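Heads up, the thing below is written out as structure tokens.
Every read-out reported here was derived from the displayed coordinates using simple, explicitly stated rules and does not represent laboratory data. Keep in mind that what you see is a predicted model, and the values were worked out from it rather than measured. Every residue, glycine among them, receives a Cβ derived from its backbone with ideal geometry; neighbour counts consider all protein chains shown.
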Amino acid sequence: SVALVTGASSGIGEATARSLAAEGATVAVLGRRRERLAELADTIRGEGGNALVVEADITDQQRAAAAVEQVVSELGRLDTLVNNAGFMGIGQAVDSPLDEWERMLQVNVQGLLYVTHAALPHLLRAAEDSPRRVADLVNISSTAGRVARPGTAVYNLTKFGVNGFTEALRQEVMQKRVRVSVVEPGTVATELSTHLRDGVREAIQRQTADMELLRPEDIADAVSYIVTRDRRVAVNEMLVRAAEQTW
């Protein structure tokens, strides 16, 4: 089978790509940092798997579509899509830079939509002709898709939106045996928080200083569990919080 993972150059995407490769999938690793993707592909091959590097910015509709077509033309099919690429900007709305809001909308919403739109016909085809007769689309959302809090208003907007889109799409394609699932991670030790503005970053670090954060592998495990179920089983939603996380 062939899997495509977006935002694969670090964090949850990287861990998920390695996990799916270990399950036997040929994994297309998509991201903007070619060097990081090449390192990941080498790691996957070193672990006995197969990987294809796809350098693309999914916020560009044509490049997102071309990336999906590249995967299918080079690997022959697409059985699994993991929409993992994400951007988080945090801070009070009153003085947030608009470019942060726009970036969240571009990556978390538009990018996810562009890749999904291009991938759906291939996933539908894979569900018909794959040995397992099932295909999977997994969207990585967040606890911020369930719980709104001060300082994360636009991130909440994007992730609540992803949850709603995922549920509607699930109902559209479930009869065709394309399973659409959402995974909502809590606080994970990834690069996601490194993009935060000075001051905001420190506040978040203080909030989570005494917590044992999730590791990217913990979310990769959740994705692997979802996509390896028999076709009679659909895991619609998985909420995975750090053990000490209340929100």
When averaged across all projection directions, what area in nm² does the alpha-carbon convex hull of segment 1-80 cover? 4.5 nm²
Please give the peptides 47-56, 104-113 ranked by average Cβ packing (other Cβ atoms within 10 Å per residue), highest first, as a rough proxy for protection. 104-113, 47-56
In whole Å, what three semi-axes, largest first, describe the equivalent ellipsoid of the chain built from its Cα gyration tensor (square root of 5 times each eigenvalue)? 28, 19, 18
At 0.36 nm per residue, and after removing the present C-alpha to C-alpha distance, how many nm does the segment from Arg146 to Asp230 gain when stretched out fully? 27.5 nm
Once the Cβ-Cβ distance between Asp95 and Thr43 is put in as r, and R0 is 51 Å, what FRET efficiency do you end up with, to the nearest 0.05? 0.80
Dividing the mean separation of Cα pairs under 8 Å (6+ apart) by the residue count of the chain yields a relative contact order in percent of 20 percent
Ranked output for segments 149-162, 86-99 by mean other Cβ atoms within 10 Å, highest leading, reads 149-162, 86-99
Going residue by residue through segment 98-109, the Karplus relation 6.51 cos²θ - 1.76 cosθ + 1.60 with θ = phi - 60° gives ³J(HN,Hα) values, rounded to whole Hz and with x marking Gly or Pro, of 4, 5, 5, 4, 5, 4, 4, 5, 5, 7, 6, 10
